[in-house]
C-alpha cells in the first residue's frame, strides 16, 4: 500500500510539474521569426496577392514567399513571427498587409520582401488568440481586418494603430468573418451562416444582406456589374444589383469553393478546395 501511495504521489507531482516544464521550453510563435528554409516554397499557402507584377504568397508558420518571374522561382521574405498566416493583400506595388493566427497583423513597405508587426492579440484581450482571416486596405491607408467570432479591427493610418470595429458591422451573433473585398465602389464581407455584409460607398456601417443560403461563404469576387459570393458544397450566388437579389450559379461541383477572381477578359474564375478551376463568362454557369 505504501508503494501505491508513493507511486500516486509521484504521478501527481509529475502532472503538476509538467506544465511548468513545458512552459519553460515553449517558444511563443509570436516572438519567433519565421524559419528560413529551402523547403518554405513547399509549405501550405493560404493567401496570394499581387504587389505590382510581383506575386506574394503567405501561409504556414509565418512563411511569406515572393516571385518576380510569375512563380518560376521564389524567395523567402523576412518575417518577425511564425504563426500561420491566413491572407495577404496589397494596396499598391509596395504597401501590403498580412494577417493570421493570434490576431497577428504584419505590414510590408517594400513589396513583400520584409515585414514588420503592427498588431497581435497580446495587445488586446478582446482580440486574444482569435485568428484574423482577411484584410483590406485602400490607397489612402484606411483598412479593415476581419476574423473568427466576429473579430473586426480598423485602421485609419496605414495600420500604425488599430481599434475595434465590431460596432460598425450588422453581426450581432459574432459569426466568423471569412473574407473582405471591395467590389466596384462598395465593400463586402462574407462569413458563416450565409452572412453577407455590405458597406455602400460613402456609408459608415456594414448592413446584412439577405441570402438564400445558410452555409458558410469563404470568398467573393466581382466588378461594377456583378457580385459573386461562394463557399461550401460548391455553392455560388450571383447578384447583378449590389446584393439586393441573388441567383444560384451552376458550378457543377459539390466541393467547397475557396477562391475566386475576375480575369482581365471579364470572365470569372473559381477555385475549389480540391484544386479544380472553374470558369464562367457571365457568372451564372461555370465549367472546368
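A few remarks follow.
- Estimated FRET transfer efficiency (residue 129, residue 156; beta-carbon r; R0 22 Å; 0.05): 0.30
- Placing pseudo-labels 7 Å out from each Cα toward the beta carbon at residue 28 and residue 138 gives an inter-label distance of 3.5 nm.
- Compactness of the chain was expressed as the Cα radius of gyration divided by 2.2 N^0.38 Å, which yields 1.13.
- Nearest-ten-degree value, helix 2-24 long axis tilted from longest Cα axis of the chain: 50 degrees
- A convex hull fitted around the alpha carbon atoms of region 32-168 yields 86 Å³ per residue.
- For the pair residue 281 and residue 193, a Förster radius of 25 Å applied to the C-beta separation gives a FRET efficiency near 0.25, rounded to the nearest 0.05.
- Between residue 68 and residue 254, the simple spin-label model (points 7 angstrom out along Cα→Cβ) gives 4.8 nm.
- Separation of alpha-carbon centers, region 254-284 and region 100-166, rounded to whole Å: 27 Å
- Dividing the summed -39500 (n - 2.57) terms of all DSSP H runs of n ≥ 4 by the residue count of the chain sets its mean residue ellipticity at 222 nm at -3000 deg cm²/dmol.
- Gained length - residue 247 relative to residue 263, 0.36 nm times residue gap less alpha-carbon distance: 3.6 nm
- Between the beta carbons of residue 117 and residue 149, assuming R0 = 22 Å, the FRET efficiency works out to 0.50 to the nearest 0.05.
Each reported figure results from applying straightforward, stated rules to the coordinates on display, with no laboratory input. Nothing here was measured: the structure is a model prediction, and the numbers come from that model. No Cβ is skipped: glycine too gets one built from the backbone with ideal geometry, and neighbour counts run over all protein chains shown.
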